[in-house]
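Scroll down for the structure; my scribbles are underneath it.
Where a number appears in this text, it was derived from the coordinates with a stated rule and is not lab data. Bear in mind the structure is a predicted one, so any value in this text is a computation, not a measurement. Note: ideal-geometry Cβ built from the backbone for every residue, glycine included; neighbour counts use all protein chains shown.
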Amino acid sequence: MTVIKATADLLDEIMQIYASAQRFMVESGNPTQWAVGHPSRETAERDIALGQSYAVIDGGKVVGVFAFILGQDPTYKDIDGAWLSDAPYGTIHRIAKGER
């Protein structure tokens, strides 16, 4: 298994993995976290364009995907509590694995 920066030519495979993850969430009783259409194709395209989308490759096939975002994340701008450090950080979003 290897992890590579995702490229536009992997977009269809990435979207298939996201669709599989969406189905899994619904079937597992979590229908709202990734509602149908999220992550969107536009989000995946933006992640790739910004160089923050990564694909997990096994046997020449994309089997997983995630976004690794360095720097301040708007999702965590306002939190209940306080950060323990002001050090730079990265966050992982939109992590999903494909069906086997």
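Using the crude model of +1 on Lys and Arg Cβ and -1 on Asp and Glu Cβ, and no other charge, please compute the dipole size for the chain relative to its Cα centre, in debye to 20. Charge dipole of the chain: 200 debye, to the nearest 20.
Indicate the gyration tensor shape class of region 3-47 (rounded, prolate or oblate), computed on the Cα atoms with a ≥ b ≥ c the square roots of the eigenvalues: a/c under 1.5 is rounded; otherwise a/b larger than b/c is prolate and the rest oblate.
Values: a/c = 2.78, a/b = 2.03, b/c = 1.37.
Since a/c reaches 1.5 and a/b is larger than b/c, the shape of region 3-47 is classed as prolate.
For a label point 7 Å from the Cα of residue 7 along Cα→C-beta, name the residues of region 55-80 whose backbone N is under 13 Å from it. Only 55 fall inside the zone, counting backbone N under 13 Å. Footprinting exposure proxy ranking of 70, 84, 11, fewest other C-beta atoms within 10 angstrom first, gives 84, 70, 11. Contact order, relative form, for the chain: 34 percent (alpha carbon pairs under 8 Å, 6 or more residues apart, mean separation divided by residue count). Comparing mean-square fluctuations of 31, 88, 39 from a GNM of the chain with C-alpha springs under 10 Å, the top value falls on 88.
Of the residues 74, 8, 28, the one whose Cα sits farthest toward the positive end of the charge dipole of region 8-100, with +1 on the Cβ of Lys and Arg and -1 on the Cβ of Asp and Glu, is 28. Note on the chain: GNM, Cα springs under 10 Å; of 49, 87, 67, the largest mean-square fluctuation is that of 87.
When the Gaussian network model of the chain links Cα atoms closer than 10 Å, the mean-square fluctuations of 73, 12, 47 top out at 73. The residue 70 and residue 99 beta-carbon pair, evaluated with R₀ = 35 Å, returns a calculated FRET efficiency of approximately 0.70. Note on 2, 75: ascending count of other Cβ atoms within 10 Å places them as 2, 75, the fewest first. Between residue 25 and residue 80, the FRET efficiency from the beta-carbon distance, with R0 = 35 Å, is close to 0.90. Angle of helix 11-27 to the longest C-alpha principal axis of the chain, folded into 0 to 90 degrees and rounded to 10: 80°. In this rough spin-label picture, where each label sits 7 Å from Cα along the Cβ direction, the residue 16-residue 32 distance is 3.2 nm.
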